[in-house]
1. Regarding the stretch A:81-90, can at least one residue be identified that is polar (S, T, N, Q), in contact (Cβ under 8 Å) with a residue 24 or more places away in the chain, outside the structural domain of residue A:404 (by TED's automatic domain parsing) and open to solvent by 50 Å² or more (accessible area, probe 1.4 Å)?
2. Give the number of residues within the stretch A:59-72 that are in a helix (DSSP H, G or I) and closer than 14 Å to residue A:107 by Cα.
3. Within the stretch A:685-701, track down each residue that is more than 7 Å from chain B (Cβ to nearest Cβ) and either in a strand (DSSP E or B) or free of Cβ contacts under 8 Å to residues at least 40 places away in the same chain (or both).
4. Filter the stretch A:648-658 for residues that are at pLDDT 80 or above and either within 10 Å of chain B (Cβ to nearest Cβ) or surrounded by fewer than 18 Cβ atoms within 10 Å (Cβ to Cβ) (or both) and give the result.
5. If you go through the stretch B:40-95, how many residues are within 14 Å of another protein chain (Cβ to nearest Cβ), part of a strand (DSSP E or B) and of a type in the set (A, V, I, L, M)?
6. For the stretch A:387-445, what are the residues that are acidic (Asp, Glu) and either without any contact (Cβ under 8 Å) to a residue 12 or more places away in the chain or open to solvent by less than 20 Å² (accessible area, probe 1.4 Å) (or both)?
7. Do we have residue A:538 as closer than 14 Å to residue A:450 by Cα, of a type in the set (S, T, N, Q) and modelled with pLDDT under 80 here?
8. Name the single residue, out of those in the stretch A:469-493 being farther than 24 Å from residue A:455 by Cα and not in a strand (DSSP E or B), that is most open to solvent (accessible area, probe 1.4 Å).
Amino acid sequence: MAEEFNTEDMLDMYLLENGQLLEKLQETVLEQKDAECFDEDAINEIFRTMHTIKGSSGIMMFDNVTKIAHKLEDIFYYLRESKPDNVPHLELVSHVLDVADFITAEMDKIRDGNDPDGDPTELIDAMDVFLKQIKHEITKVEKELPPENVYVAPNQFYIAPVATSGSRFYQIVITYKSDTQMSNIRAYTAVYALKESAEDIIYFPEDIISNEASSDLILKYGFRMLLQAQLSEEEVRKIIDTSSEIESIDIREVAAEGFFNSDFLKPIELDTAVPAKEEKEEKAEESKPEEKQGKDIAPGDYVIQSKEPGKAKQLNKNKQPKASKQSFINVNVEKMDQLMDLIGELVIAEAVVLQNPDLKVPGLELQNFQKAAGQLTKISTDLQDVIMSMRMMPLTTTFQKMNRIVFDASRKLGKDIDLEVVGENTEVDKNIIEHISDPLMHLIRNAVDHGIEMPEERLAAGKAKKGKVTLSAKNEGGKVWITVQDDGFGMDRTKILKKAKKNGLLGSKNPETMTDREVYQFITYPGFSTNETVTEFSGRGVGMDVVVKNIQTIGGTLDIDSVPGSGSTMTMKIPLTLAIIDGIVMETADSFFVVETGIVKQFVSVKEDMMIHEPGGEEYVMIRGECYPVIRLGRYLSLSDQDTSVEDGMMVILEMEEKTVCLLVDNLIGEQEIVVKPIPKYIKKVKGLSGCTQLGDGSIALILDPAGLIG
Amino acid sequence: MSEEMTTELSEGTTQRDRYMTFKSGNEYFAIGIEYINEIIPFQRITVIPETENYIKGLINLRGKIIPVVDVALRFNQPPLEYNDRTCIIVIDVKSTVVGLIVERIAEVVTIEEEDILPPPSIGRSNKVQNKYVYGIGKTGDSVKLLLDLDKFLHDEETGITEQADSFAELEE
């Protein structure tokens, strides 16, 4: 490329924008996957999306992406123009999804710094066949074929063609939406696209690449070009119109005489003169294109620019209202994390100041200080709430991905399955969303593969032919519950028990007395799969234990329930946030520990005679007729050699996943908000600990991992 | 731009041959000064249960929680008595920040590249790898053992004492 510019910014923009477009695309496609065919809006949207991707990929010279996007665009161009009937819808859907997958995979490669080297030939060939097929259908009913949407692969070198008598001259103004980022790059995109076919091209601002401030000029006055080319107006428009950020394109053909002396480019510098001049030009020239469209507008009529006929108008109609878009900005996640860290430190620093030992002089009057301190506390609490809410994201995107998984899996398995999504607007901390995507995918796949029966079996069992998987999310008791429910045949207790016995998982347990839940819990053991045959989707037995592990790392739990014959329910209960939790601080063997408030059932002071000592060294305590196992924290963590008497310590009863233990600690310190920090990676994972935190006096407390303690 | 680069370069040259030395057991060890963030006085350490014995625990360094390693224990040397003069060297190796408790910090020395010898292979057995010491630096009359911090932090087995002993023999 002739000009030098920062491709990194462009690349980021490319990835971000196309990523969003593809997500939207999949959503649209999946929404209508069960319909007879795509409606007009969807066709237009897919067409536009592919057009945009083609354009931007062309600029970035990702040829394979360009080609495949072009092919799909062809199909939708045809659909849009000819509106054929009898299009095999499901096949079309899968083509669109294949293309989306291909481009997503290429973008992943680009993101990782690799070359996008995927080979689209196969997909393109398949789509060619498809296109021919639907066209063939159409010729049978004898409709007029639209002209082929011909795409010329971009040359990588710019050699300006020589002017010939066939040249035409255009004045072009491209107006971008007011919230467009890096409009200068986009303008360059247009210039670059035109260069291939242009004989000459001049534009203003001239320094679009080197001068970032030019983007402001472009946003304010539009991007102006003088173009000499052997192209029709429609062709020029098509070349330029590659970006969804373009609000309108104003193209006027002018006479060759004085073309390059025209002051068309200049008005931009004369601020006040611009609107008047533009208006005049419009009045003078608007009549020409309008007549072409056969509209009855008298010369001199004032025509508002946005009413410009053609594609631009159509584009605008389908856009979201601008106002809602402007109220969002994209922020780098790293910056958010940094802010989160800083606020965490602020909370600690505040505690250090407000609980400073220097303030604890007897008889010290601190009225004003206390007032000010109260104010400070309020602000820092608010600040915490705001940053927390900023990090909260709805589960919508995650759930949408599941739609795709159900669709793919059910088709490949030959099952007919509906996914019902409930409560996808439930908000969860961004970090947590990242962690639940994988486990959720596993659960959904399991439901589709193991849960739902084949259609014939369903009919035989007197169920609807169509299986149903329900994915729902809700807030409950400071946690988010995400449930995957299927109406399949549920889990077979005997089968699980048999397998458990075979794998030697039963141990000394008596299978007769085990509750259903205990039995179902076996499926979360490593290497456990009751599915006889391994399929592409599940059955390898590596699934559920990983799922459970992943959920536990974020402090969540998985409940499994099943009614034989009518389906299974998997419920993930995950915390809303990982960063700040309510915790009980306690002391053992001169070290501080924190346990999450949510799982503490009660504190009990016990007498020695309530203890039961087993010969094996295990201890139990009887509290109000209930017997609980006892963990002496100091001994458990090998911190102290000699046991303190239970009467000096305090029993903390923890309850989790229907298991209860009593934790014996030396002292309770109090309850406070804890900023969770990870244990430095250098230290290998320690059993029973999940993190650390800093207390008000600057000392460090270790956060106990209840799952590790109880399990 | 170019100015920045030159300052960086000159910093590089000033740091390259500089080493911080400390005493542990009978030996003097040296760490490239570019790895050292700071030296802080000894402070209260929160014990992490059930880790390797040389990981003493965590300290709070102005809001950052970092692990601390007792160098003497890492080398299987007799444990130290910590006192007011015990120091913690905070190092940063490939973004792993760790505090090192050392018996005594000596001085910062310059060791030219040509004064660094590869550790001699140890006669007794070829199997003994030069684990944490990647070179021997000569400064004046004395010899410093140059520590390979990456291995020092991450290698599981020890064996340094043996090595140090044989170096001591060599010296004599």
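The values are calculated or read from the model by the stated rules, or taken from the named source; none is laboratory data. A quick note: this is a predicted structure, and the numbers were derived from the prediction, not measured. Here the Cβ is made from the backbone with ideal geometry for all residues, glycine too, and neighbour counts use every protein chain on show. What goes into the accessible areas is simple: the full protein's heavy atoms, side chains included, and nothing from ligands, DNA or RNA. Shrake-Rupley method; radii C 1.70, N 1.55, O 1.52, S 1.80 Å.
1. The answer is yes; a qualifying residue exists.
2. Total meeting the criteria: 7.
3. The answer is A:685, A:689, A:690, A:691, A:693, A:701.
4. Selection gives A:648, A:655.
5. Matching residues across the stretch B:40-95 total 12.
6. Those that are acidic (Asp, Glu) and either without any contact (Cβ under 8 Å) to a residue 12 or more places away in the chain or open to solvent by less than 20 Å² (accessible area, probe 1.4 Å) (or both): A:429, A:434.
7. Against the criterion (closer than 14 Å to residue A:450 by Cα, of a type in the set (S, T, N, Q) and modelled with pLDDT under 80), residue A:538 qualifies.
8. A:477
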